[in-house]
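So the structure is just underneath, and the comments pick up after that.
The values are calculated or read from the model by the stated rules, or taken from the named source; none is laboratory data. Quick caveat: nothing in here was measured; it's all calculated off a predicted structure. Quick reminder, even Gly has a Cβ in these numbers, built from the backbone with ideal geometry, and neighbours come from all protein chains shown.
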Amino acid sequence: MANANDIVILKQGVENWNRWRLQNINLNQNQSKTNILKLNFNKVDLSGLNLSEYNLQNFNLSRANLSRANLSRANLSRANLYEAICHTTNLSQAILIDTNLIAVFLRNADLRGANLKGADLTDANLSGADLTGANLSQTNLKGANLRNTNLNQANLNGANLSGAILKGAIICQV
């Protein structure tokens, strides 16, 4: 769980949080199942943290660094992840309903079983991502990079794939 000190530092702003993270590289990264205050996390560095099962609904995580973070089973419904960096991020079974993922960097991300219904992934980079069994119904994937993406058993009903790059994508049992 997030401790009181973490919350105090977060309330001081993104720059203070990022500076504190650099100085405390060995901070406890096992903070799962925590519902933290709804703060503005624009440009915050949350890379490598265990945020599994966090409730991050409606959070502003635009341009945040979530690389290598564990967000499995996290609720990110209606969150703003515009241009967020999610390289090799674990988002398996995460709830991303109606989430803004425009221009997000999800290269090699784990999105197995994730619910992305109605999400906007316009111009997103999903190259090498694993979307096995993901719900992509009614998503906007216009211009998305889906090179070498695993879409096996993904639900693409009503998805907009216009202009999407699908070279090398695995599309079976869709």
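Here the condition is being within 23 Å of Leu166 (Cα to Cα), out of contact with any helix residue (DSSP H, G or I) (no Cβ under 7 Å at 6 or more places or on another chain), crowded, with 20+ Cβ neighbours inside 10 Å and in the same structural domain as Ile170 (by TED's automatic domain parsing); of Leu61, Leu96, it holds for Leu96 alone.
Take Arg147 and decide whether it is within 17 Å of the chain's Cα centre (by Cα), assigned by TED's automatic domain parsing to the domain that holds Asn58 and at pLDDT 95 or above. For Arg147, the condition - within 17 Å of the chain's Cα centre (by Cα), assigned by TED's automatic domain parsing to the domain that holds Asn58 and at pLDDT 95 or above - is not met. Please go through the range 152-174 and give me each residue that is over 18 Å from Ile97 (Cα atoms) and in contact with a strand residue (DSSP E or B) (Cβ under 7 Å, 6 or more places away or on another chain), ordered by number. Matches in the range 152-174: Asn152, Ile165, Ile170. You will find that of Ile97, Ile171, Ile85, the residue that is within 25 Å of Asp45 (Cα to Cα), among the β-branched types (Val, Ile, Thr) and out of contact with any Gly (no Cβ under 8 Å at 6 or more places or on another chain) is Ile85 and no other. With the structure loaded, tell me whether Leu161 is among the hydrophobic types (A, V, I, L, M, F, W, C), closer than 13 Å to Leu111 by Cβ and assigned by TED's automatic domain parsing to the domain that holds Thr89 or whether it fails that test. When the stated conditions are applied, Leu161 does not pass them. Would you check if there is a residue in the range 2-13 being at pLDDT 70 or above and either under 23 Å from Leu146 (Cα atoms) or not assigned by TED's automatic domain parsing to the domain that holds Ala134 (or both)? Among the residues of the range 2-13, not one is at pLDDT 70 or above and either under 23 Å from Leu146 (Cα atoms) or not assigned by TED's automatic domain parsing to the domain that holds Ala134 (or both), which makes the answer no. Candidates Tyr54, Tyr82: the one that is farther than 17 Å from Leu106 by Cβ and among the aromatic types (Phe, Trp, Tyr) is Tyr54. Only one entry in Ala154, Ala109, Ala84, Ala124 is touching a Cys at 6+ places or on another chain (Cβ under 9 Å), small (Gly, Ala, Ser) and crowded, with 22+ Cβ neighbours inside 10 Å, namely Ala109.
Scanning the range 89-133 for residues that are within 22 Å of Asn50 (Cβ to Cβ), outside any loop (DSSP other than H, G, I, E, B) and out of contact with any His (no Cβ under 9 Å at 6 or more places or on another chain) yields a total of 5. The set of residues from the range 75-108 being within 9 Å of the chain's Cα centre (by Cα) and aliphatic (A, V, I, L, M) comprises Leu76, Leu81, Ala84, Ile85, Leu91, Ala94, Leu96, Leu101, Val104, Leu106. One residue stands out among those in the range 34-58 that are under 15 Å from Asn100 (Cα atoms) and surrounded by 21 or more Cβ atoms within 10 Å (Cβ to Cβ): the one that is modelled with the lowest pLDDT, which is Phe41.
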